[in-house]
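S.K.: Let me begin by handing over the structure; questions about it come next.
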Amino acid sequence: MIMVTRKNAINPEEFLKKNSTVSALARNTKKSAEENADTKKKEAKTERTTVLFRKTSWNDFCTLAHLMNRTPNDMLNDYLDRVTEANRELIDKHRKETEEAKRKVKDVL
């Protein structure tokens, strides 16, 4: 982990040019965002919500988004896409079981 202090200030452009974790993550995130762009453009509706973050975590996240030339909202959406796709089987199983339970209740009523 790289610690940044005022004495050791890092130029973000130089930092991203190096083969660092952040630059690799930025390349991977941008690539996946571009790959998902067509699918996500078709999704017209959005969900507005309020999420509470610890101030220091949010500030660091915003800084990271800035270093990657992305918006925090775009990065959060990308993260949610990755997490849900990684757990697609579990989500589908839960939905299937929920639908089966609803049908059973409906049959009883």
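The values are calculated or read from the model by the stated rules, or taken from the named source; none is laboratory data. Note that this is a predicted model, so its numbers are computed, not measured. A quick note on method: Cβ atoms are made from the backbone with ideal geometry, for glycine too, and the neighbour counts reach across all protein chains shown.
S.K.: Looking at (1) surrounded by 10 or more Cβ atoms within 10 Å (Cβ to Cβ); (2) modelled with pLDDT of 90 or more, can you tell me which one K55 breaks?
M.R.: (1)
S.K.: Which number in (1) part of a helix (DSSP H, G or I); (2) exposed (fewer than 10 other Cβ atoms within 10 Å of the Cβ); (3) modelled with pLDDT under 60 marks the one condition that T29 misses?
M.R.: Every condition holds for T29 apart from (2).
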